[in-house]
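Right, one structure below, let's go through it.
The numbers here are math on the coordinates, done by the rules we state, and not lab data. On a predicted model such as this, the values are computed, not experimentally measured, just so you know. Cβ atoms come from the backbone with ideal geometry, glycine included; neighbour counts cover every protein chain shown.
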Amino acid sequence: MKTYIARMISALLSPPVFALMFLSAAYKKGLFEGKGWWLLSLFIATLLLAVFTLFALIKLKKVSDLDITRREERYWFLSLLNCLVFGLLVILYLMQVKELLLQQVFIIWIILAISTVITFFYKISLHMTFAYTFLFLMNVLHGFSLWYLFVMIPLVYWSRFHLRKHTHGQLIAAVLLDSIVLFAVL
């Protein structure tokens, strides 16, 4: 029963879900004002392209599972994801979006880039990285009025550890990386 619950938490609190939560928070904050549906469509297209790429890599047997459990299998996907987010950042800059939105996407890209480099040497939890990053940024947008959402962090931690996808060190490294970058940039 515990394993079933851990799988459900891991699936429901996955990086794409946190990305959608972040988009919703940014939209509610008015960061898409004036560019509304066009900008929202661009974000969703980027997210869908990342998800479809992961499924393609699984189909091509370059990646063995949705969690990309093996560190060596993460290189191609994370490199492509970096390109996608950097491309999104360039487009947002050229579209002259609100500075706060540009800053938030820049932070996401920096954390992703650092995570990618670390992955060549050590496996950190991408679930934990994105959960912490997106929840923190959502709270920055809304003056930390969404603080209660941080309860999801221990749930993600427990599920990833219980499923034996990560060690305590890999989970804590993700939180430390995020904390250092977020506090340095913000």
Item checked: Within the chain, longest stretch clear of exposed chymotrypsin sites (Phe, Trp or Tyr not before Pro) (DSSP loop, no more than 15 other Cβ within 10 Å) -> 1-119
Next item on the list: List Thr3, Thr133, Thr53 from most exposed to least, where exposure is judged by having the fewest other Cβ atoms within 10 Å.
Entry: Thr3, Thr53, Thr133
Item checked: Global geometry of the range 1-101, whether rounded, prolate or oblate, following the gyration tensor of its Cα atoms and the 1.5 cut on a/c -> oblate
Notebook entry, point to check: Cα axis of helix 15-28 to longest principal axis of the chain: angle in degrees, 0 to 90, nearest 10?
Noted result: 20
Notebook entry, point to check: Taking the simple approach of a point 7 Å from Cα along Cα-to-Cβ for both Thr69 and Leu40, what is their distance in nm?
Noted result: 3.8
Next item on the list: Work out the length of the dipole vector of the chain about its Cα centre, built from +1 on the beta-carbon of each Lys and Arg and -1 on the beta-carbon of each Asp and Glu, and round it to the nearest 20 debye.
Entry: 500
Checklist line | Lys61, Lys165 arranged by Cβ crowding within 10 Å, fewest neighbours leading | finding: Lys61, Lys165
Notebook entry, point to check: Among Ala50, Leu20, Leu66, which residue has its Cα positioned farthest towards the positive end of the charge dipole of the range 5-116, with +1 placed on the Cβ of Lys and Arg, -1 on the Cβ of Asp and Glu, and the dipole taken about the Cα centre?
Noted result: Leu66
Next item on the list: Sticking with the crude label model, points 7 Å out along Cα→Cβ, report the distance from Arg164 to Trp76 in nm, one decimal please.
Entry: 2.7
Next item on the list: Could you compute the FRET efficiency for Ile91 and Ala184, with r as their C-beta to C-beta distance and R0 at 30 Å, rounded to 0.05?
Entry: 0.75
Notebook entry, point to check: Using the 10 angstrom Cβ neighbour count as an exposure proxy, how do Val140, Val105, Val17 rank, fewest first?
Noted result: Val17, Val140, Val105
Check: Using a Förster distance of 35 Å, how high is the FRET efficiency between Ile110 and Ile5, based on the Cβ-Cβ distance and rounded to 0.05?
Finding: 0.55
Check: To the nearest 10 degrees, how steep is helix 152-162 against the longest Cα principal axis of the chain, on a 0 to 90 scale?
Finding: 30
Check: For the chain, what is the mean residue ellipticity at 222 nm derived from helices alone (per DSSP H run of n ≥ 4: -39500 (n - 2.57); sum divided by total residues; nearest 500 deg cm²/dmol)?
Finding: -24500 deg cm²/dmol
